[in-house]
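Colleague: Please see the structure below; I have some questions.
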Amino acid sequence: MPPIRLGILGAARIAPAAVVNPARGVDDVSVTAVAARDRNRAQAFADKHGIPRVLPDYRAMVEDPDLDALYIPLPNGLHGSWTLAALAAGKHVLCEKPFTANAEEAALVRSAAEDRPELVVMEAFHYRYHPLFARARQLLDEGAIGTIEHIDTRLCFPLLLRKDIRWQLALAGGALMDAGCYTIHMLRHLAGAEPRVTGARMRLFSPGVDRFVQAHYRFADGVTGRTTCSMLSAQLLRLGFTVRGSSGSLHVLNPVMPNMFHRLTLRGRGGRRVEHVVRRPTYDFQLEAFADAVLNGAKPITGPDDAVANMTVIDAVYRAAGLEPRQPAAVA
């Protein structure tokens, strides 16, 4: 079977790590084209990464008959509209997180995906496909810390470039969208259930744009949770999660980039144990999962249903903190 012909919609900084480099080791995927708003930038990106074709614009990429799938790493506010366009053109989609600007738009995309069941739509929560998270989930399922009582997730880093697109309200920016979507996703997937937001507070970078968000949650079974995210953190990097149970705790350091460093620490009746798993990048496992879904019909862990659920919580946190959910960006 020939490899999936993948196009990159936007010469984004994340694209080499997310798809270009992993595709070199995944025989089922070939990155064959790129398009950007600036064709010269797209050409430079293609030359640097050995991508054979540069298309004139996003629309040409979506409509190109020689592409099977698109990777969409555009600004948050453009994810939904271009995913819809890709689906209408018969393309599979791997869309960067957050899936859309808000839950209402996510539901529209899910509906479009349901109308095209032969197409794969997958949100790029790459950490979820790595053996490190799978091992943490296995330990929880086995009762290694007893009954789960509280989950705490965090992702904080300093983004000092004031003109970065992640600070732009018109592009659905903000710390909760960029970093907080991870913390909420981890919370939900560790609990295996959907939370109710019980409170939230945030600090603003500019009017309507959050730089720090902390939210509290409760699940139907009584489990509580907290998420903390920041894009102006005083610490260089603070990322991971802690799950406290009736007979112990589980702590994972760096589930997002475990290929660089990571540590899983289990404390229970048997004492303290530290584990490490493979240091292969999360993006490799994500691209393999995407190919498996496209070629073999495997159901992605991070499909449209999961995306709608995640965006629903994000919207609820914004409202609890006194802001309205983000809005889609205008498409030229």
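We did not get these values from a lab; they are worked out from the coordinates using the rules stated. As the structure is a prediction and not an experimental result, all values here were calculated from the model. Cβ: placed from backbone, ideal geometry, glycine included. Neighbour counts: every protein chain shown.
Colleague: Do me a favour and compute the ellipsoid semi-axes for segment 119-262 from its Cα gyration tensor, root of five times each eigenvalue, largest one first, whole Å. Intermediate results must be reported in sequence, preceding the final value.
Modeller: Details: eigenvalues 143, 59, 43 Å².
Working from the Cα gyration tensor, I get semi-axes of 27, 17, 15 Å.
Colleague: Right, next: Taking the chain as the reference, fit the longest principal axis to its C-alpha atoms, fit the long axis of helix 39-49 to the helix C-alpha atoms, and give the angle between the two in degrees, 0 to 90, nearest 10.
Modeller: Tilt of helix 39-49: around 70 degrees.
Colleague: Give the cross-link partners of Lys163 among the lysines, using a straight C-alpha distance below 24 Å as the criterion and excluding same-chain residues fewer than 8 apart.
Modeller: Lys97
Colleague: Count the net charge of all other residues whose Cβ sits under 15 Å from the Cβ of Arg273, scoring Lys and Arg as +1 and Asp and Glu as -1. Provide the component values of the computation, followed by the final result.
Modeller: On the way: positive: Arg135, Arg263, Arg267, Arg269, Arg272; negative: Glu142, Glu275.
Local net charge: +3.
Colleague: So how do Lys91, Lys299 line up by other beta-carbon neighbours within 10 Å, fewest first? Numbers along the way, then the final one.
Modeller: Details: Lys91 26, Lys299 11.
The order, fewest Cβ neighbours first, is Lys299, Lys91.
Colleague: Right, next: Using helices alone, I'd like the mean residue ellipticity at 222 nm for the chain: each DSSP H run of four-plus residues gives -39500 (n - 2.57), total over residue count, nearest 500.
Modeller: -9000 deg cm²/dmol
Colleague: If you average 1/r over all unlike Cα pairs in the chain and invert the result, what Kirkwood radius do you get in angstrom? Don't skip to the end; give the middle numbers.
Modeller: Working: mean 1/r = 0.0494 Å⁻¹.
So the Kirkwood estimate lands at 20.3 Å.
Colleague: How would Cys156, Cys95 line up from fewest to most surrounding beta-carbon atoms within 10 angstrom? Show your work: numbers first, answer last.
Modeller: Details: Cys156 20, Cys95 26.
Neighbour counts put them in this order, fewest first: Cys156, Cys95.
Colleague: Report the relative contact order of the chain, percent, no decimals, based on alpha-carbon pairs under 8 angstrom and at least 6 residues apart. List each step's numbers first, then the result.
Modeller: Working: 746 pairs, mean separation 68.3, N = 332.
Rounded, it is 21 percent for the chain.
Colleague: Of the residues Val121, Val278, Val109, which exhibits the maximal mean-square fluctuation in a Gaussian network model of the chain defined by a 10 Å Cα contact cut-off?
Modeller: Val278
Colleague: Relative to the longest principal axis of the C-alpha atoms of the chain, give the angle of the C-alpha long axis of helix 131-141, reported between 0 and 90° and rounded to the nearest 10°.
Modeller: 40
Colleague: Mean-square fluctuation check for the chain, GNM, Cα pairs under 10 Å: which of Arg211, Arg39, Arg110 is largest?
Modeller: Among Arg211, Arg39, Arg110, the largest GNM mean-square fluctuation belongs to Arg39.
Colleague: What number comes out for the charge environment of Pro328, summing +1 per Lys or Arg and -1 per Asp or Glu over other residues with Cβ under 12 Å away?
Modeller: Spelling it out: positives minus negatives among the neighbours equals -1.
Colleague: Could you compute how fast segment 15-104 diffuses translationally, taking Rh as the Kirkwood radius over C-alpha pairs and applying Stokes-Einstein at 37 °C with viscosity 0.692 mPa s? Give it in µm² per second.
Modeller: 242
Colleague: Let me ask something else. List the equivalent ellipsoid semi-axes of segment 213-267 in whole Å, largest first, each obtained as the square root of 5λ for an eigenvalue λ of the Cα gyration tensor.
Modeller: Whole-Å semi-axes of the equivalent ellipsoid: 22, 18, 8.
Colleague: Also, quick follow-up: Work from the charge dipole of segment 131-279 (Cβ charges, +1 for Lys and Arg, -1 for Asp and Glu, about the Cα centre) and give the residue of Phe219, His185, Trp167 farthest towards its positive end.
Modeller: Result: Trp167, furthest along the dipole toward the positive end.
Colleague: Pull up the cross-link candidates among the lysines for Lys91, meaning alpha carbon to alpha carbon under 19 Å and not fewer than 8 places away within one chain.
Modeller: Lys91 reaches Lys299.
Colleague: For the chain, take the longest principal axis of its alpha carbons; what is the angle in degrees between that and the long axis of helix 103-115, to the nearest 10 within 0 to 90?
Modeller: For helix 103-115, the angle is close to 60 degrees.
Colleague: Right, here's the next one. Sorting His49, His150, His126 on the 10 Å Cβ count, fewest up front, what's the list?
Modeller: Numbers: His49 18, His150 14, His126 25.
In increasing order of surrounding Cβ atoms, one gets His150, His49, His126.
Colleague: Using the Cα centre as the reference, give the magnitude of the dipole from point charges on the C-beta atoms of the chain (Lys, Arg: +1; Asp, Glu: -1; all else neutral), rounded to the nearest 20 debye. List each step's numbers first, then the result.
Modeller: On the way: 39 positive and 33 negative charges, 312 e Å.
In debye, rounded to 20, the chain gives about 1500.
Colleague: When the chain is treated as a GNM, springs tying every alpha-carbon pair under 10 Å, which of Val93, Val274, Val213 comes out with the largest mean-square fluctuation?
Modeller: Most flexible of the set in this elastic network: Val274.
Colleague: Tell me, what ³J(HN,Hα) does each residue in segment 158-172 have, in order and in whole Hz, if you take phi through Karplus 6.51 cos²θ - 1.76 cosθ + 1.60 with θ = phi - 60° and put x for Gly and Pro?
Modeller: For segment 158-172, the Karplus-derived couplings read x, 10, 8, 7, 5, 9, 4, 4, 6, 9, 9, 4, 5, 9, 6 Hz, x marking Gly and Pro.
Colleague: Continuing with this model, one more query. So what's segment 195-327 giving for Cα Rg divided by 2.2 N^0.38 Å, two decimals? Could you put the intermediate results ahead of the total?
Modeller: Numbers: Rg = 17.8 Å, N = 133, 2.2 N^0.38 = 14.1 Å.
Against the compact-globule rule of thumb, the ratio is 1.26.
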